[in-house]
Structures are given as C-alpha cells and as structure tokens.
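**Student:** For reference, the structure I am asking about is given below.
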Amino acid sequence: MTPGNTFFLLIALLTGGPAMAMELSSTAFGPGAAIPRRYTCEGNDVSPPLRWQGMPAGAKSLVLIVDDPDAPDPRAPRMTWVHWVLANLPVDAAGLPEGIAPAALPKGTVEGLNDWKRTGYGGPCPPIGRHRYFHRLYALDVMLDGLKHPTRAQVEAAMQGHVLARAELVGTYEKAGH
C-alpha cells in the first residue's frame, strides 16, 4: 500500500467511508431504458417512482426538473419541453412515490409550471420518434425564496451559485405504432 492510498483509507475510516455521489433512480425504468407506458400520455400519465441518495453535506433543499430536449422531432430538435418542476424538496426526503398527488408532496415543496402551463407532472407524449427524458435532481445550499408556480427558467436563475451536487436519470419513450 502506498502512502497516498494509506492516507485515503485513513480519511475514509475517519469519515465513515468514501464520499458517495448523489444518485437518482427509479424502480420503473433504468438509466437509458424505455419509460413504461403507464407514465406517459398513452397510459395513466402518472409520475414514476423516484429515489435518491448520497445527499451532500450542507444541502438545504432539492430541485427536480424533468424535460425532453428532443422536441418536437429528435432528428431536428427545436426546443426543450419541460414536463415537471419541483423546488424546495426537503433534503430528508428519500424520493417520491409513483403518481404522487400535489397534496402528498413533502411539506414546503413548490410546484413549478411545465410547458403545458400547469403545475404537476406531464408524462412523455412525443409527436414523432423516440425522445429522451432527463430527470435531474439538484442539491442546493439554500431554500429558494419567493417562488410561486415558477417556470424552469425562474428556478434555474434562483439556483445559480447554489448547486452542491447533481444527479441525472434518463429514460426514453416512443409512442406505440411510430
């Protein structure tokens, strides 16, 4: 064992183990896998179950943004379509259950506007081709103040300079028969 390895082993032992990166996952689909129809406009259009772990020290709140950068056509994308925006999720929440209702969101969570101009989850509904759906979780060193049904842009502006860690889960979806 080299002196450098000994140093890192000692640090890991003193701090309870190596630092864990923040991770975002779902029991409904894996990284890069197809999102089941249940979570789309062709199904029940309910939010998938999400779990996270590895919260960084000093985190005070979480932000979740789900979007589709392949809109309207993955061969010629022109915009990123926002499907879900949540801010001020508490850091002690370990995830969100499937189909979570607004009233069941953790206390203090702020719902933002999606690109349908409403709050809440809007599932994949691509007009053409297989699209990618990015689920991004951000750990912040602050609570975001003054937000009432913010847009993604407003949340991202408020997050500037406060992101401690980020995790990402990407799923894909293509409508049946396309």
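**Student:** Name the lysines eligible as straight-distance cross-link partners of Lys60: C-alpha to C-alpha under 30 Å, and not fewer than 8 places from it in the same chain.
**Tutor:** Lys107, Lys117, Lys148
**Student:** May I pose another question? Round to the nearest 0.05 the FRET efficiency obtained for Trp116 and Ala57 when R0 = 45 Å and r is the Cβ-Cβ distance.
**Tutor:** Computed FRET efficiency for Trp116 and Ala57: 0.75.
**Student:** If each residue's Cβ is checked for other Cβ atoms within 10 Å, how do Lys148, Lys60 rank with the fewest at the top?
**Tutor:** Lys148, Lys60
**Student:** Let me ask another. Quote the relative contact order of region 21-173 in percent (integer), defining contacts as alpha-carbon pairs under 8 Å separated by 6+ residues.
**Tutor:** 31 percent.
**Student:** When we measure straight from the Cα of Lys175, which aspartates and glutamates land under 20 angstrom away, once same-chain ones fewer than 8 places off are left out?
**Tutor:** Qualifying aspartates and glutamates at Cα under 20 Å: Glu42, Asp45, Asp67, Asp68, Asp70, Asp73, Asp115.
**Student:** Around Ala167, what is the net charge, scoring Lys/Arg as +1 and Asp/Glu as -1 over all other residues with Cβ under 13 Å from its Cβ?
**Tutor:** Spelling it out: positives minus negatives among the neighbours equals +1.
**Student:** Rounded to the nearest 20 Debye, what is the dipole magnitude of the chain about its Cα centre when Lys and Arg each give +1 and Asp and Glu each give -1 at the C-beta?
**Tutor:** Around 160 debye, computed over the chain.
**Student:** Here is a further query. Among Thr151, Tyr39, Thr109, flag the residue with its Cα farthest along the positive direction of the charge dipole of the chain, charges on Cβ as +1 for Lys/Arg and -1 for Asp/Glu.
**Tutor:** Tyr39
**Student:** For a footprinting-style exposure proxy, rank Glu42, Glu111 by other Cβ within 10 Å, fewest first.
**Tutor:** Glu42, Glu111
**Student:** Spin-label point model (7 Å from Cα, Cβ direction): what's the Arg136 to Asp92 distance in nm?
**Tutor:** Placing both labels 7 Å beyond Cα along the Cβ direction yields 2.9 nm.
**Student:** Under a point spin-label approximation (7 Å from Cα along Cα-to-Cβ), what is the Ala104-Arg166 distance to one decimal in nm?
**Tutor:** With each label point 7 Å from Cα toward Cβ, the separation is 3.0 nm.
**Student:** Cα convex hull of the chain: how many Å³ per residue?
**Tutor:** 149
**Student:** Can you say what percent of the DSSP beta bridges in the chain, counting only those with both residues inside, are antiparallel? Round to 5.
**Tutor:** 95
**Student:** Oh, and also: Using alpha carbons only, how many angstrom separate the centre of region 53-109 from the centre of region 125-162?
**Tutor:** So the separation of the two Cα centres works out to 7 Å.
No value in this document is a laboratory result; all are computed from the given coordinates. Since the model is a prediction, treat every value here as computed from it, not as a measurement. For neighbour counting, all protein chains shown are included, and Cβ atoms are generated from backbone atoms with ideal geometry for every residue, glycine included.
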